Amino acid sequence: MSKKAQHMVGKRKTSIARLYATPGKGKITINKRPIDEYYLRETSKMIVRQPLELTETTDKYDFNINVCGGGLNGQAGAIRHAISKLLAEESPEFRKTLKAKGLITRDARKKERKLYGQKGARARFQFSKR
C-alpha cells in the first residue's frame, strides 16, 4: 500500500460508508470516534473487523470512516463492504479469500415498501366472508 490515503465506498441497505485507509497500526475511527466508543455491541465490532481477520491484516492499516444513513447494523455492514473492497483491490489472494466468504458482493436487499389496499408490504387486512 502506498503512503497516500486510499478511498473506498461501501453500501448496505440505506447506509453509505466512506473509508480512508492509510498504513498504520490498526486504529479504526468511525465518525471521528474510536470503534469501541461508536459500537457498544461486540457483534457489530466483529462484523467490521471480519475482513481484516480473514486476511490477517488487523494491524497493517489505520481506517478513518465516515458513515451515514440507516441503523447501526446496516452501517456495520456498509463498513465491512468498504474494507473488503479495499483489501480485494490490494491483493489477488485477498480477493480469493474474501470472495469465498461473500464479503465483496454488495447485499442489495432493502425494505419493501408498503402497498396500497394492504396493511404492509406482505401483510393483508383480515379477510371475512360476511
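Pairs needed: first member in the range 51-74, at positive phi; second member anywhere, assigned to a strand (DSSP E or B); C-beta distance under 6 Å; at least 6 residues apart or different chains.
Pairs that qualify, where the first residue is at positive phi and the partner is assigned to a strand (DSSP E or B), are Gly69/Ser15; Gly69/Ile16; Gly70/Ser15.
So, in the range 19-30, how many residues would count as being over 15 Å from Asn73 (Cα atoms) and either hydrophobic (A, V, I, L, M, F, W, C) or in contact with a helix residue (DSSP H, G or I) (Cβ under 7 Å, 6 or more places away or on another chain) (or both)?
3
Would you confirm whether or not the range 20-29 contains a residue that is crowded, with 16+ Cβ neighbours inside 10 Å, in contact (Cβ under 8 Å) with a residue 60 or more places away in the chain and either aliphatic (A, V, I, L, M) or not in a loop (DSSP other than H, G, I, E, B) (or both)?
There is at least one residue in the range 20-29 that is crowded, with 16+ Cβ neighbours inside 10 Å, in contact (Cβ under 8 Å) with a residue 60 or more places away in the chain and either aliphatic (A, V, I, L, M) or not in a loop (DSSP other than H, G, I, E, B) (or both).
Give Ile65, Ile16 a once-over and let me know the one that is under 30 Å from Ala123 (Cα atoms), within 16 Å of the chain's Cα centre (by Cα), in a strand (DSSP E or B) and among the hydrophobic types (A, V, I, L, M, F, W, C).
Answer to the check: Ile16.
Being surrounded by 11 or more Cβ atoms within 10 Å (Cβ to Cβ), modelled with pLDDT under 95, of a type outside the set (Val, Ile, Thr) and farther than 14 Å from Ile16 by Cα: is that true of Ser91 here?
Taking the combined requirement at face value, the residue satisfies it.
For the range 65-80, which positions are closer than 15 Å to Met8 by Cβ, out of contact with any helix residue (DSSP H, G or I) (no Cβ under 9 Å at 6 or more places or on another chain) and buried (at least 18 other Cβ atoms within 10 Å of the Cβ)?
Result: Ala78, single match.
Take the residues in the range 81-108 that are in a loop (DSSP other than H, G, I, E, B) and out of contact with any Lys or Arg (no Cβ under 7 Å at 6 or more places or on another chain), then tell me which one is nearest to His7 (Cα to Cα).
Restricting to residues being in a loop (DSSP other than H, G, I, E, B) and out of contact with any Lys or Arg (no Cβ under 7 Å at 6 or more places or on another chain), the top hit is Ser91.
The values are calculated or read from the model by the stated rules, or taken from the named source; none is laboratory data. The structure displayed is predicted, hence computed values, not measured ones. Note that each Cβ is placed from the backbone with ideal geometry, even for glycine, and that neighbours are counted across all protein chains shown.
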